[in-house]
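The structure under discussion appears below in the form of structure tokens.
The values are calculated or read from the model by the stated rules, or taken from the named source; none is laboratory data. Quick caveat, the model's predicted, so the values are computed rather than measured. A quick note on method: Cβ atoms are made from the backbone with ideal geometry, for glycine too, and the neighbour counts reach across all protein chains shown. Side chains are part of the model used for accessible areas, which takes the heavy atoms of the whole protein and leaves out ligands, DNA and RNA. Shrake-Rupley method; radii C 1.70, N 1.55, O 1.52, S 1.80 Å.
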Amino acid sequence: MLSHIFNFFRVNKNLAIDLGTSNVLIYDTRKRKTVLDEPSVIVRDKKTHEIIAVGKEAREMIGKNPISLEVIKPLKEGVISDLDAARDMLYAFLKKVYGVSPFKPDIMICVPIEVTTVERRALFESIVGAKKTYLIEEGRAAIIGSGVDISLPSGRMVIDIGGGSTDIAVISLNEIVVSNSIRVAGNTLDSDIVKYVKENLNLVIGDRTAEKIKKNLASAILLDEKENLSMKIKGRNSLTNIPEEMEISSNEVREAIIHSIDKILESTKDVLSKCPPEIATDILDNGIILTGGGAFIKNLDKYISDKCKVPVNRAAKPLESVVVGAGLAFDNKSLLKTLLMREN
Ligand SMILES: Nc1ncnc2c1ncn2[C@@H]1O[C@H](COP(=O)(O)OP(=O)(O)OP(=O)(O)O)[C@@H](O)[C@H]1O
Ligand SMILES: [Mg+2]
């Protein structure tokens, strides 16, 4: 009971928010854990704008909603595309975790490395009721979240493959030395699969089926016969318009996505080529950290490592490393000063 009262009156709780294209995560520094992990989706009544559902519940409604309701994904390619919806969604998530509590937390919000001023401002505007607002680049947060002390004079590199963007960054002494951000990521791979299945199997499938195929089968390297698994997929035959079931294999999925994977690879090579020599040596020693949901693609670590001749290690928790790192940034006082954007 006492601790309950203490919690209520203690207002200096800090939150880190990773407002991603696919998922929203909230990390509570007092609890030292991720308190929310939900898909970035909101369902609103078209007329009244009343929020009908958010997160997992809203995602279940995609493609099945009556016309009076709109299903919105407020982020595209790593940035906010619908500010009102983003604000409503975030508010609903905070309410879900904390109720309508009177506390005004300090909030650390994650941004892709290369965003325009307008996109940055939109992220800012999506935050309501914060005492202090900090902005941290996702690449920087991902490295901290992988347990690395970025204040050391040692070059560290991360590739964060999310749903909407891939952020690649090299950091030393708290600062970003070289970076690259491309809008080729998990959603691109889903579209690649939709296109491949239509063109090669004459089957029309939706993005969610494509995502399932990716999660089950995608591999960055060609697999031999034993490892080349397949799965059954349902869709609509594009010639007869009749629903049909077919099979697709890992190697077919690889053919569908390799072109996009190679864009990520090229971007990685580009960053490596721009590193000052001393930092390049550090990266050879430390390896590259692979994170974000895309890090789960089978053999992607091996593929990048083989092509770049640098060790690649998948983060322990690829979906969480950005938000955890953003939360841990509250402990890095010299870094924190430089991240502060607004104080109310
Ligand atoms: N097991 C898996 N295999 C392949 N891809 C996966 C797997 N699990 C998740 N993903 C993909 O990871 C992506 C989501 O990753 P993440 O949550 O890091 O993105 P995000 O932070 O929301 O997006 P962004 O950083 O681009 O705004 C989705 O495209 C999802 O399909
Ligand atoms: Mg992300």
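Considering only segment 159-176, state which residues are within 12 Å of ligand 1 (Cβ to nearest atom) and surrounded by 24 or more Cβ atoms within 10 Å (Cβ to Cβ).
Once the filter is applied, which keeps residues that are within 12 Å of ligand 1 (Cβ to nearest atom) and surrounded by 24 or more Cβ atoms within 10 Å (Cβ to Cβ), segment 159-176 yields I159, D160, I161, G162, G163, S165, T166, D167.
Taking helices (runs of 4 or more DSSP H) that fall entirely within segment 245-308, which contain at least 2 residues that are closer than 29 Å to E38 by Cβ?
250-273, 300-308
Regarding segment 217-227, can at least one residue be identified that is part of a helix (DSSP H, G or I), modelled with pLDDT of 95 or more and open to solvent by 30 Å² or more (accessible area, probe 1.4 Å)?
For segment 217-227, residues part of a helix (DSSP H, G or I), modelled with pLDDT of 95 or more and open to solvent by 30 Å² or more (accessible area, probe 1.4 Å): absent.
Could you tell me which numbered condition L340 fails, if it satisfies all but one of (1) in contact with a strand residue (DSSP E or B) (Cβ under 6 Å, 6 or more places away or on another chain); (2) free of Cβ contacts under 8 Å to residues at least 24 places away in the same chain; (3) away from ligand 1 (no atom under 16 Å from the Cβ); (4) not basic (K, R)?
(2) is the only condition that L340 fails.
Out of curiosity, is A315 touching a Ser or Thr at 6+ places or on another chain (Cβ under 6 Å), modelled with pLDDT of 95 or more, open to solvent by less than 70 Å² (accessible area, probe 1.4 Å) and within 16 Å of ligand 2 (Cβ to nearest atom)?
Yes; evaluated as a whole, the condition is true for this residue.
Looking only at residues that are among the charged types (D, E, K, R) and in contact with a Leu (Cβ under 9 Å, 6 or more places away or on another chain) in segment 282-312, which one is surrounded by the fewest Cβ atoms within 10 Å (Cβ to Cβ)?
Among those that are among the charged types (D, E, K, R) and in contact with a Leu (Cβ under 9 Å, 6 or more places away or on another chain), it is K309.
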